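Worksheet for the structure shown next.
What follows draws every value from the coordinates through simple rules; no lab data is involved. A quick note: this is a predicted structure, and the numbers were derived from the prediction, not measured. Using ideal geometry, Cβ is built from the backbone for each residue, glycine included, and neighbour counts are taken over all protein chains shown.
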Amino acid sequence: MADSSARGDAPAGPVPSLFWPKSSLLGGLPEPTRRRMLELGAGRRFERGRRILAEGERSTFVVLIRAGFVKVSARRDDGRQTLLAIRTRGDLIGELAAIDENPRSGTVVASSPVEAAIIPQGEFLGFLSRHPQANLQFNRMLAYRLRQANRRRLDFTGCSAPVRVSRVLTELIETYGRRTPKGWVCDVPFTQHELADLSGTSVETAQITLRRLRQAGVISTGYRKLTVLDSRTLHGAAHLTS
């Protein structure tokens, strides 16, 4: 049964007709399989700031995000919450507990109004067993996240802090950005503290890197908003070749 944290604030409305990011679970599925997956579970709506999953809780359902953004964090030894990842429409969260039935490894909070489906473990695993394409895409998603975690771990030990910040900004734009006449806009709301968490650096270093990129005309920033004006130069600052 779903934990109280996943009950939501209201039943979800109709599934939005949206473009599913290619990096998401839904984005990699054929349309017929995607439609069937969107029929799973019970739709719920979560208001901004609402907790969806809690670190340490024992539950095994998964959450399929239909719209909005969530932030995944975990508690450090000193008690501080550290941002680990951002997920958006088409993404699946809570999958590890559905597989190994261990306590939740992180806390998930809605960072915008979120439409999601709460899918019981048995229903989800049964769907994967009946739909090989969904099972394959699910495993690809797990592999992608593992590669991403490994790359970030290597970045922490092999790259300077400004390079790590630039790489996180590039990743955010490539995953969540939308093209506008002024450049690529990232609609994910994040703070400088959260950018520092993702980059494995101090808030001061993140602030200095952002300021230098602004002064060079590479980015512009507003309240929890980022626009990349010169993606080529940002790639150079991130020491990326493509």
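Oblate is the label for the stretch 37-108, because a/c, from the alpha-carbon gyration tensor with a ≥ b ≥ c as root eigenvalues, is 1.5 or above and a/b does not exceed b/c.
Given the C-alpha centroids of the stretch 86-114 and the stretch 148-178, what is the distance between them in whole angstrom? What the calculation gives is 21 Å, centre to centre.
Here the convex hull built on the C-alpha positions of the chain has a volume of 134 cubic angstrom per residue.
Taking label points 7 Å from Cα along the Cα-to-Cβ direction, Q192 and T233 give a separation of 2.0 nm. For the stretch 4-154, the Cβ-based charge dipole about the Cα centre amounts to some 480 debye (Lys, Arg positive; Asp, Glu negative; other atoms uncharged). Could I have the simple spin-label model distance between R211 and R153, label points 7 Å from Cα toward Cβ, reported in nm to one decimal? Result for the modelled spin labels: 3.5 nm. Summarising the overall dimensions of the stretch 119-180 from its C-alpha atoms, the Rg and Dmax are 16.6, 46 angstrom. Computed as a quarter of the hull surface, the mean projected area of the alpha carbon convex hull for the stretch 137-213 stands at 5.9 nm².
Extension gain for R48 to L146 (0.36 nm times residue separation, less C-alpha to C-alpha distance): 32.5 nm.
Each Lys and Arg contributes +1 and each Asp and Glu -1, all at the Cβ; summed about the Cα centre of the stretch 100-167, the dipole is approximately 460 debye. Residues whose amide H lies under 5 Å from that of R66, counting only those 5 or more places away or on a different chain, are G90, E115, A116, A117; hydrogens are built 1.01 Å from N in the peptide plane.
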